[in-house]
1. Looking at 115, 73, can you tell me which residue is at pLDDT 90 or above and under 20 Å from residue 5 (Cα atoms)?
2. Taking interchain pairs and intrachain pairs at least six residues apart, which have beta carbon atoms under 7 angstrom, with the first residue in the range 99-127 and under 14 Å from residue 85 (Cα atoms) and the second modelled with pLDDT under 90 and part of a helix (DSSP H, G or I)?
3. Please specify each residue of the range 1-19 satisfying the condition of being farther than 17 Å from residue 103 by Cα and at pLDDT 95 or above.
4. Working only within the range 121-141, note down all residues that are surrounded by 14 or more Cβ atoms within 10 Å (Cβ to Cβ) and either modelled with pLDDT of 55 or more or over 17 Å from the mean Cα position of the chain (by Cα) (or both).
5. Filter the range 89-120 down to residues that are more than 17 Å from residue 44 (Cβ to Cβ) and surrounded by fewer than 14 Cβ atoms within 10 Å (Cβ to Cβ), then give me how many there are.
6. Counting only residues that are assigned to a strand (DSSP E or B) and under 19 Å from residue 34 (Cβ atoms), how many does the range 77-113 have?
7. Among the candidates 26, 82, 66, which residue alone is within 30 Å of residue 3 (Cβ to Cβ) and either surrounded by fewer than 20 Cβ atoms within 10 Å (Cβ to Cβ) or in contact with a helix residue (DSSP H, G or I) (Cβ under 9 Å, 6 or more places away or on another chain) (or both)?
């Protein structure tokens, strides 16, 4: 049985909830990653992705992006795994939740690493078929937001952009 400890990435860069969104984006750029764990001390309290920054920060226009903190855009309820978890079970959980990476924590919820589909594929070629199937499940297209709120926002954006074009 291959465990998470066999394939995970250790010594992961983390940030705090009070760090700025801009700092996180720069860190992601420097490290060439799309996710940063958010910790208070060593304890994992959330995760922030490049998508979180764009959707919850920039697109939501909840204020000046430069003054936004990670606490404003991060996901606080995060699925985690442990070092002794079976990789096949983790792949199944990733596929079910449509996520590509999961933080690895110890019994005290302290961050000890991160495991991604790429880690599993690169370090465990025996799971190549399972990784491909999980990636297919994860990459299933989401349904567009057809709620009244999404429609109103889209209509407002179109009206605003048309108004700017005419001026």
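1. Numbers: 73 fails: under 20 Å from residue 5 (Cα atoms).
That would be 115, the only listed residue that is at pLDDT 90 or above and under 20 Å from residue 5 (Cα atoms).
2. 102/94; 120/91; 120/127; 120/131
3. Scanning the range 1-19 gives 18, 19.
4. Our first condition is that a residue be surrounded by 14 or more Cβ atoms within 10 Å (Cβ to Cβ); within the range 121-141, this holds for 121, 123-124, 127, 130-131, 133-135, 137-138.
Matches in the range 121-141: 121, 123, 124, 127, 130, 131, 133.
5. 3
6. Taking the range 77-113 as the starting set, the residues that turn out to be assigned to a strand (DSSP E or B) are 81, 86, 101-105, 110-113.
Narrowing the set further to residues that are under 19 Å from residue 34 (Cβ atoms) leaves 81, 101-104, 111, 113.
Matching residues across the range 77-113 total 7.
7. Numbers: 26 fails: within 30 Å of residue 3 (Cβ to Cβ); 66 fails: within 30 Å of residue 3 (Cβ to Cβ).
Result: 82 is the single residue among 26, 82, 66 that is within 30 Å of residue 3 (Cβ to Cβ) and either surrounded by fewer than 20 Cβ atoms within 10 Å (Cβ to Cβ) or in contact with a helix residue (DSSP H, G or I) (Cβ under 9 Å, 6 or more places away or on another chain) (or both).
The values are calculated or read from the model by the stated rules, or taken from the named source; none is laboratory data. Model, not experiment: these values are computed from the prediction. Methodologically, a virtual Cβ is constructed for each residue, glycine included, from the backbone with ideal geometry; neighbour enumeration extends over all protein chains shown.
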